[in-house]
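What follows is one structure encoded as structure tokens, with my remarks underneath.
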Amino acid sequence: MDATLETPRPKAAAPDPASPAPATPCASAAAVSDAPAPLDGDALLDAVRRLADGPLAELADDIDRRGVYPRALLQQLGTLGALRAHHAGRGLPGRDADYGLAIRAMAEVSRVCGATGFMMWCHAACGLYMEQSCNPALTGAALERHASGRRLGATGMSNPMKCFAGIEPLLLRARPAVDGWRVDGTLPWVSNLGPDHVLGAVAAVAPHGGRGGTDAPAGEIMFLVPCEAPTVELRPCPAFSAMEGTSTWAVRLHDHPVGSDALIADPARPFVGRIRAAFVLLQTGMGLGVAQGAIDSMRTVERPLGHVNRYLDERPDALQAELDALTARILALAATPFGTARDFLIDVLDARAHASELALRAAQSALLHAGARGYLLSSPVQRRVRESHFVAIVTPALKHLRKEIARLSAEEYPA
Amino acid sequence: MSASASPRPRRRAGAEGAGPVARAVAGAGVPAPEHLADLPPAASALTGAAPPEAAFRQFICRACGLIYDEAKGDADAGLSPGTRFEDIPDDWTCPLCGVGKADFEPCEPDAPADARAAAPDDPPLPDRAARWAARAPGVVVVGGGRAGWQAAQALRERDPALPITLVSACGGDVYDKPVLSVVHARGLAPEALVRERATDAARRLGVRLLAHTHAVSIDAGARRLRTTRGTLPYRRLVLACGAAPRLPAALPPRLVWRINDLEAYRGLRAALDAPRPAGAPRRRHVLVVGAGLVGCELANDLALGGHAVTLLDTQPRPLAAALPPLASQRLLEAWAGLPLRFVGGVEVERVARVDAKLTWVATRCGLSFEADAVIAATGLATPQRLARSAGLAYDARAGGIAVDAATLATSDPAIHALGDCVAIGGRASRFVEPIARQARALAAALCGAPEPDGPDAARPVALRIKTGSLPITIEGDPRAAGVWTVDADRPGELVMTLWRDTGAVARLAARAPEEVRVRHSA
């Protein structure tokens with residue numbers, strides 16, 4: 001899924017559906033001139049770690065329980081360079097796209113706050129769509145604005161991913177129009193949204209002249225939706241566990257125009273197939289980080305409680321060894337994020353599944369290690385249990401991953 | 001909504017605040033840490049002042065883990081930043097759980113993240129080995145073919161209590177794969193090949209069966225097998241995952257059959273036996289690519305079953321790698337009365353669908369064929385995914401997981417392998433005969449009691465080629481350099497020997513079935 005809010009909260013940059021906020025001023029190249037140069041490599045990871053252990057750790061409980069949307073922190077991550085590591089030619093001399101770095105940065109954030117790590121992924125996935133669209137209107141200055149975090153973005157791809165896996169139908173419908181398409185429909189929950197955000201979405205294209213719905217679709221298009229458009233309405237969602245601060249909204253499109261400037265891919269399916277491994281690989285940062293946070297909290301109670309914790313099944317040393325091996329495996333896969341070979345895809349899906357399973361086990365074990373103090377609502381230990389559940393159910397969920405691995409593993413024979 | 005959104009009223013210290021729960025937690029907890037001795041002496045507390053130059057300290061609530069940081073104080077309770085712990089009024093209570101000041105103890109700062117790797121887990125408990133044995137995961141077997149079931153059976157014979165899980169990508173029904181090559185000649189339906197249902201075999205052997213489950217990867221460090229139905233911890237892993245057909249790029253999997261298991265064979269038979277429109281001939285045209293062992297056997301059997309078969313190979317004669325030319329010649333002669341045509345010296349260049357029924361095959365030299373079904377019998381290779389994920393030594397030249405001949409152990413001592421997926425002494429073994437012996441040797445190695453006669457897993461085996469019109473048996477190595485002599489060559493029978501300086505290195509006997517020989521001599 002993409003995740004929520006019980007009620008619009010003032011701190012959460014809540015849009016007023018009745019009067020959409022005005023578009024942020026169009027970023028020009030000049031707007032960046034005073035921004036510090038983005039960091040890279042270990043310097044970036046150190047800076048992200050400091051931000052995570054400092055201001056993010058301070059805010060994590062408010063994000064979780066008061067639904068505070070950490071917009072400023074996300075934008076600081078952008079300023080540091082943590083939202084552009086997976087982009088090619090990212091303005092850093094001699095550096096190309098580095099998915100491993102993007103994943104590690106996301107893990108550092110998720111270690112402290114899984115919800116913020118998830119929002120980092122939402123934004124990074126949106127950047128992936130823009131970059132890979134090769135649409136001049138979505139790359140260049142627009143992508144730079146996105147990669148620097150000046151404009152935040154989201155992904156409405158849960159529904160299309162499930163649709164393409166044969167799990168559910170597409171929720172958005174596009175009608176051909178003179179200047180492109182007009183799109184109607186509602187995506188039930190999209191995270192990391194705000195009145196000045198963008199999101200990537202897919203709509204089924206109705207045959208020419210049809211109003212959509214009854215006729216068989218004539219393919220799909222993928223496009224970027226600017227939330228400030230008057231044809232876009234953000235509506236509050238019910239509350240979600242562990243994801244209150246992720247600014248999650250239902251997105252309703254009313255006769256929303258999609259022109260060539262907003263087009264990410266037509267047809268959408270081959271494009272989604274091409275970026276699938278990269279999309280899934282980026283998500284592994286969440287699971288790795290939540291697992292690491294859980295192991296860290298097991299260590300902190302080792303001195304007072306080690307004498308009883310040694311009777312538990314999953315101990316921090318063994319979990320850390322498994323996490324380190326998985327991290328190495330994921331970083332090796334991240335060296336070729338656009339691979340499409342069958343065995344590579346299976347490896348990527350399996351690594352993502354492993355990260356989910358390890359986060360579940362580590363978070364659960366951390367709670368058992370911490371005991372009652374970890375069960376306090378203010379404790380990150382129990383928050384992490386909920387975050388690990390989220391890692392395992394967010395699209396592609398553990399069950400979807402296994403189903404897809406089984407599909408890819410089956411021998412193909414003549415019909 | 002949440003407790004902390006509206007701070008609850010403070011409880012007072014005293015009998016209630018430091019109540020039974022808090023005391024129980026503290027009592028069950030750590031023995032008084034040595035560094036309690038480092039606490040400022042009571043005199044210091046009485047004066048109400050810690051030495052001003054001392055660094056700020058932290059105190060942890062033994063009940064809930066809240067940390068009182070002298071540097072931050074507790075604004076809600078009116079304690080300004082810098083308030084020393086000993087200066088806190090005695091009626092102060094933990095802002096989180098309400099226990100009293102007495103339930104706090106000095107807290108050392110958390111270990112920095114860098115210390116993670118260095119912080120050791122506890123030393124082993126004295127009873128760890130016993131605990132391990134009591135809840136140890138058992139043996140996980142990957143593969144529901146002959147090798148997997150034989151391994152499960154051999155392990156069960158050795159140890160009635162061993163937990164065994166068998167993971168099978170297919171249904172796992174027990175059947176004899178070699179019979180797939182002679183089904184038509186014996187007039188059998190595919191269903192008749194099943195000797196025992198997988199669920200029955202599992203019950204008989206006390207095995208947990210995970211059918212239709214793909215083994216995805218091995219986390220060798222954590223000893224966990226990852227599958228599409230969950231992750232299985234193992235004490236020992238047995239790979240019996242077989243070999244898979246190797247398809248040249250010109251043969252797309254969606255257009256050609258590969259007959260390597262019963263489910264694929266069922267699919268082929270369903271396609272061949274599908275009802276035809278009235279008036280259309282029952283006989284199908286089947287094109288078999290590859291005239292090695294499997295290709296010749298299948299082509300012969302399908303032709304005996306009445307289908308028109310075209311058999312292609314890049315070599316000019318069938319079974320060129322295994323047989324001397326005279327034996328290939330006699331095989332071709334034995335096929336003469338069948339609807340079976342051998343076309344040698346050709347290589348398939350393209351396969352395409354003509355329509356829903358017909359497939360078109362073109363060779364590099366310009367021949368083209370239309371067939372109702374195309375079967376590829378172009379060799380086998382061991383899939384490397386699992387072995388690679390565990391970092392197992394793989395014999396790329398032989399095409400199998402390298403295992404020790406005596407114990408069937410791979411390069412990871414917790415992982416063994418047998419059957420079609422292994423290479424022993426630089427050679428892959430793709431025959432049925434050694435599997436039972438491998439299973440026994442493997443079970444002996446896993447259960448810690450060697451076979452009484454010593455391992456014999458690597459004994460040479462006779463090769464039986466089940467070409468129905470002229471079955472051929474070869475003992476020894478027919479590919480060795482040497483000279484073939486003819487010991488007998490009469491209608492329906494050919495016996496040859498391969499000689500080298502040292503003596504006979506291989507012997508070949510081809511004998512037509514009785515009824516064929518009778519027909520010849522008549």
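The values are calculated or read from the model by the stated rules, or taken from the named source; none is laboratory data. Quantities reported herein were computed from a predicted structural model and do not represent experimental measurements. Positions of Cβ are generated from backbone atoms using ideal geometry, with glycine treated the same way; all protein chains shown enter the neighbour counts.
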For the stretch B:347-385, give me the residue count where each residue is under 26 Å from residue B:180 (Cα atoms), touching an Asp or Glu at 6+ places or on another chain (Cβ under 9 Å) and β-branched (Val, Ile, Thr). 3
If we keep only residues of the stretch B:193-235 that are in contact with a helix residue (DSSP H, G or I) (Cβ under 9 Å, 6 or more places away or on another chain) and hydroxyl-bearing (Ser, Thr, Tyr), then the residue surrounded by the fewest Cβ atoms within 10 Å (Cβ to Cβ) is B:231
Report yes if residue A:329 is assigned to a helix (DSSP H, G or I), at pLDDT 95 or above, within 14 Å of another protein chain (Cβ to nearest Cβ) and over 20 Å from the mean Cα position of the chain (by Cα), otherwise no. yes
Within the stretch A:377-411, count every residue that is under 30 Å from residue B:263 (Cα atoms) and among the hydroxyl-bearing types (Ser, Thr, Tyr). 1
Are any residues in the stretch A:326-353 loosely packed, with under 15 Cβ neighbours inside 10 Å and of a type in the set (A, V, I, L, M), and if so, which ones? A:328, A:332, A:335, A:341
Going by the structure shown, is residue B:501 exposed (fewer than 14 other Cβ atoms within 10 Å of the Cβ) and modelled with pLDDT of 80 or more? yes
Restricting to the stretch B:237-248, give me the number of residues that are surrounded by fewer than 22 Cβ atoms within 10 Å (Cβ to Cβ) and more than 12 Å from chain A (Cβ to nearest Cβ). 3
Out of the stretch B:248-269, which residues are part of a loop (DSSP other than H, G, I, E, B) and closer than 17 Å to residue B:298 by Cα? B:256, B:258, B:259, B:260, B:261
Within the stretch A:149-174, the residues that are modelled with pLDDT of 95 or more and out of contact with any strand residue (DSSP E or B) (no Cβ under 9 Å at 6 or more places or on another chain) are A:149, A:150
Looking at the stretch B:249-282 only, could you name the residues that are surrounded by 15 or more Cβ atoms within 10 Å (Cβ to Cβ) and away from every other protein chain (no Cβ under 14 Å)? B:250
State which residue is nearest to residue A:119 (Cα to Cα) when the search covers only the stretch A:365-380 and only residues that are in contact (Cβ under 8 Å) with a residue 60 or more places away in the chain and more than 9 Å from chain B (Cβ to nearest Cβ). A:380
Specify the residue that is nearest to residue B:343 (Cα to Cα); the eligible residues are those in the stretch B:262-304 that are under 32 Å from the mean Cα position of the chain (by Cα) and charged (D, E, K, R). B:297
Which listed residue is of a type in the set (Lys, Arg) and closer than 14 Å to residue B:142 by Cα, from B:246, B:208: B:208
Filter the stretch A:52-78 for residues that are under 18 Å from residue A:37 (Cβ atoms) and crowded, with 19+ Cβ neighbours inside 10 Å and give the result. A:77, A:78
Checklist (1) under 15 Å from residue A:107 (Cβ atoms); (2) touching a Ser or Thr at 6+ places or on another chain (Cβ under 7 Å) applied to residue A:357, failing item: (1)
Out of everything in the stretch A:283-313 that is touching a residue at least 12 places away in the same chain (Cβ under 8 Å) and more than 21 Å from residue A:112 (Cα to Cα), what residue ends up being farthest from the other protein chains (Cβ to nearest Cβ)? A:312
Considering every residue within the stretch B:154-163, establish whether at least one is in a helix (DSSP H, G or I) and within 30 Å of residue B:512 (Cα to Cα). no
State the number of residues belonging to the stretch B:63-72 that are crowded, with 19+ Cβ neighbours inside 10 Å and more than 14 Å from residue A:374 (Cβ to Cβ). 2
Looking only at the stretch A:371-403, which residues are surrounded by 21 or more Cβ atoms within 10 Å (Cβ to Cβ), at pLDDT below 95 and assigned to a helix (DSSP H, G or I)? A:373, A:374
So, restricting to strands (runs of 3 or more DSSP E) that lie completely within the stretch B:348-434, which ones have at least 3 residues that are without any contact (Cβ under 8 Å) to a residue 12 or more places away in the chain, hydrophobic (A, V, I, L, M, F, W, C) and more than 24 Å from residue B:268 (Cα to Cα)? none
Run down A:306, A:289 and say which single residue is of a type outside the set (Asp, Glu) and closer than 14 Å to residue A:362 by Cα. A:289
Given the structure, is residue A:356 within 12 Å of chain B (Cβ to nearest Cβ), at pLDDT 95 or above and buried (at least 22 other Cβ atoms within 10 Å of the Cβ)? yes
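The rows are residues; the columns are (1) within 14 Å of chain B (Cβ to nearest Cβ); (2) over 27 Å from residue A:239 (Cα atoms).
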position	(1), (2)
A:58	yes, no
A:64	yes, no
A:72	no, no
A:76	no, no
A:80	no, yes
